[in-house]
Amino acid sequence: MTVYLVGAGPGDPDLLTVKAAGLLARADVVVHDRLADPAIVKLARPEAELIDVGKRPSRPLPQATINALLVHLGRSGRTVVRLKGGDPFVFGRGGEEAMALLDAGVPFEVVPGVTSAVAVPACAGVPVTHRGLSAAVTVVTGHRRVGEEADTDWEALARVGGTLVILMGVGQRAYIAERLRAGGLASDTPVCAVMNGTRPGQRTIRTSLERLGETPIEPPATIVIGAVAGLDLLQTTDGDGAAEGADHTTGPARP
Ligand code: SAH
């Protein structure tokens, strides 16, 4: 009886780890989120029980309920896979689930996944570091929990240099851009937003910090800010690869 906290990667089933695929193939129960790609959930054996704990905005399932469910399932003696997008410990609340299991004395194992913070830009032709352009990457959430915890010090991040990768930042992008500019980041700093990365509907939009707020971006999206966002190593954009507002489809090859 073990609960496996498994990273499912950014969406493309081929980006699952071998370990994750093996566990899915033998799990008795699979607990998954809204973001989990149906093609990945389908890798579970037909007899496996599938539990969707997808946190929809209209009907949020509290984290405490998910934690309690995992403890309960873990104690049932079955092999439980808790499937999480990307890597379980990168903004996935996997740490909280691990703590709940630890407190309850339920054995668990973490299976790291390919995080969208690095893989989604890569699949759009943007390396998060690049010799001579960026020697640091900061991965930060753009989500604001007003009143819950201190707001991110965006002005300080503007001074760090290197690459900023923002997850969950679509709704706050105008605010974030304004604060980064207030912190001294140049208005013409390249920005690349990748929507539905590694999935069939992958779309990349290139813009600048100044125009980020008015650029149409739909979640889920990974937003990259910094010199590397001007690179297009897949050569999917016309011109120099930094054309403002250029919008094109760059989906992964699917059989
Ligand atoms: N644990 C996950 C991140 C969870 S936070 C990981 O390691 O990847 C969820 C955020 O991740 C989304 O709001 C979005 O910013 C980003 N994200 C996840 N999947 C994505 C995808 N396929 N394409 C673009 N961004 C994605």
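The values are calculated or read from the model by the stated rules, or taken from the named source; none is laboratory data. Every value quoted in this text rests on a predicted model; they were computed, and no experiment measured them. Cβ atoms come from the backbone with ideal geometry, glycine included; neighbour counts cover every protein chain shown.
With respect to the conditions (1) hydrophobic (A, V, I, L, M, F, W, C); (2) over 22 Å from the mean Cα position of the chain (by Cα); (3) within 16 Å of the ligand (Cβ to nearest atom), Ala186 lacks only one, and its number is (3).
Using the structure shown, decide if Ala25 is under 21 Å from the mean Cα position of the chain (by Cα) and in a helix (DSSP H, G or I). No; evaluated as a whole, the condition is false for this residue.
Among the conditions (1) under 13 Å from Cys123 (Cβ atoms); (2) of a type in the set (A, V, I, L, M, F, W, C); (3) touching a strand residue (DSSP E or B) at 6+ places or on another chain (Cβ under 9 Å); (4) at pLDDT below 95, the only one that Ala253 does not satisfy is (3).
Of the residues examined, Glu97 is one that is within 16 Å of the ligand (Cβ to nearest atom) and farther than 30 Å from Ile205 by Cβ.
Let me spell it out: the conditions are (1) out of contact with any helix residue (DSSP H, G or I) (no Cβ under 8 Å at 6 or more places or on another chain); (2) more than 16 Å from Val118 (Cβ to Cβ); (3) within 11 Å of the ligand (Cβ to nearest atom), and Ile217 meets all of them except one. Which number is the exception? Every listed condition holds for Ile217 apart from (1). Just so you know, in region 1-57 the residues that are in contact with a helix residue (DSSP H, G or I) (Cβ under 6 Å, 6 or more places away or on another chain) and within 21 Å of Pro219 (Cα to Cα) include one that is nearest to the ligand (Cβ to nearest atom), and it is Pro10. Comparison of Gly77, Gly125 shows that the only residue that is at positive phi and within 16 Å of the ligand (Cβ to nearest atom) is Gly125. Among the residues of region 1-15, the one identified as in a loop (DSSP other than H, G, I, E, B), surrounded by fewer than 24 Cβ atoms within 10 Å (Cβ to Cβ) and at pLDDT 95 or above is Asp12. Being of a type in the set (Lys, Arg), modelled with pLDDT of 95 or more and closer than 27 Å to Val140 by Cα is the filter here, so list the residues in region 47-83 that pass it. Matches in region 47-83: Arg82 only.
Filtered by the rule that a residue be without any contact (Cβ under 8 Å) to a residue 24 or more places away in the chain and within 16 Å of the ligand (Cβ to nearest atom), region 152-174 gives a lone residue, Thr152. Which residues, taken from region 100-122, are β-branched (Val, Ile, Thr) and more than 16 Å from the ligand (Cβ to nearest atom)? Hit for region 100-122 is Val106, nothing else.
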